[in-house]
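Worksheet: the structure to be examined is printed underneath.
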Amino acid sequence: MGNKKVYWVDETERLPSENLAINSSCVELVEKGEFELIARLYRHKKGVILGSNESIHDLNWEFCKNKGYEIVRRPSGGSAIVTEPDLVLCYSVFFNTEKLLSLNRLNIHNIYKEITIPLAKNLGRHFSVEGSYYIRYNNNGLRTPIAGHAMRSYKNVTQFDGCLLYTSPSPRDRTRSRMPSS
């Protein structure tokens, strides 16, 4: 049988709802056994993506509507994120939990470590993983979070989502990443 791993760089900017639908299809492909792993890199058009347990009432709907932000909810937990094509690069990894994890046990902390620590190391010496596996950029002692992650486990599939702020992580840019709120 051929390679059952796919690495996909999606160069099309899509609405958050479209990307979430594609991610749902990736989960189904892994559930059906068509792939053991799918890794996807993609960008969203303007949107606010709520975590599975966040209140919709924490948003300023009128602001989001007037500024053209689509509001959606993802199946994984974590905090809300604001997406714009020139601000955030997203990635998702979908894998068959039983085939790719040793001892067939799901250990959330090990999965976070296996993905975030090598990513931070490959970004360079100014990057580290701190707290709840946030990747931070060290700029003269100011450690700015530039990547956050969320995970969801299904019957035999794990979905690991990340978003990476890819504008300059300098203090003057942090105002751009603020969440539209009431």
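The values are calculated or read from the model by the stated rules, or taken from the named source; none is laboratory data. The structure presented is a predicted model; accordingly, all values stated were derived computationally and were not measured. FYI the Cβ positions are ideal-geometry reconstructions off the backbone, even for glycines, and counts take in every protein chain you see. All accessible areas refer to the heavy atoms of the entire protein, side chains included, with ligands and DNA or RNA removed. Shrake-Rupley method; radii C 1.70, N 1.55, O 1.52, S 1.80 Å.
Assuming R0 = 25 Å, what is the FRET efficiency of LEU29 and HIS57, from their Cβ-Cβ distance, to the nearest 0.05?
That gives a FRET efficiency of 0.10.
Expressed as a whole percentage, what fraction of the accessible surface of the chain belongs to carbon and sulfur atoms when a 1.4 Å probe is rolled over the protein heavy atoms?
C and S fraction of accessible area: 50 percent.
Relative to the present Cα-Cα distance, how much length would full extension add between ARG143 and LYS155 at 0.36 nm per residue of separation?
Here the answer is 0.6 nm.
About the Cα centre of the range 1-75, what is the dipole size in debye to 20, counting +1 per Lys and Arg Cβ and -1 per Asp and Glu Cβ, all else neutral?
With Lys and Arg at +1 and Asp and Glu at -1, about 140 debye.
What nm value, rounded to one decimal, do you get for the distance between LYS99 and LYS4 when each label is placed 7 Å out toward the C-beta?
Inter-label distance under the simple model: 0.2 nm.
Apply the Karplus parameterisation 6.51 cos²θ - 1.76 cosθ + 1.60, with θ equal to phi minus 60°, to every residue of the range 55-61 and state each ³J(HN,Hα) to the nearest whole Hz, in sequence, with x for glycine and proline.
Calculated HN-Hα couplings, in order: 7, 5, 6, 7, 9, 8, 4 Hz.
Under the rule that an exposed site lies in a DSSP loop and has at most 12 other Cβ atoms within 10 Å, name the longest stretch of the chain with no trypsin sites (Lys or Arg not before Pro) of that kind, not counting the sites themselves.
Between the exposed loop sites, the longest stretch runs 33-104.
Can you compute the modelled spin-label distance between LEU41 and TYR166, with each label point 7 Å from Cα toward Cβ, in nm?
Modelled inter-label distance: 0.7 nm.
Hey, if you put +1 on the Cβ of every Lys and Arg and -1 on every Asp and Glu Cβ in the range 1-134, which of ILE56, THR12, TYR112 ends up farthest toward the positive end of that dipole?
Among ILE56, THR12, TYR112, the one farthest towards the positive end of the dipole of the range 1-134 is TYR112.
Run down the lysines and flag those whose C-alpha is under 25 Å from the C-alpha of LYS4, throwing out any fewer than 8 positions away in its chain.
Result set, ordered by chain and number: LYS32, LYS99, LYS113, LYS155.
Using 1/(1 + (r/R0)^6) with R0 = 30 angstrom and r between the beta carbons of SER17 and HIS126, what's the FRET efficiency to the nearest 0.05?
0.30
Would you mind classifying the chain by shape? Square roots of the alpha carbon gyration tensor eigenvalues, ordered a ≥ b ≥ c; an a/c under 1.5 is rounded, otherwise it is prolate if a/b is larger than b/c and oblate if not.
It is oblate, given that a/c is not under 1.5 and a/b is not larger than b/c.
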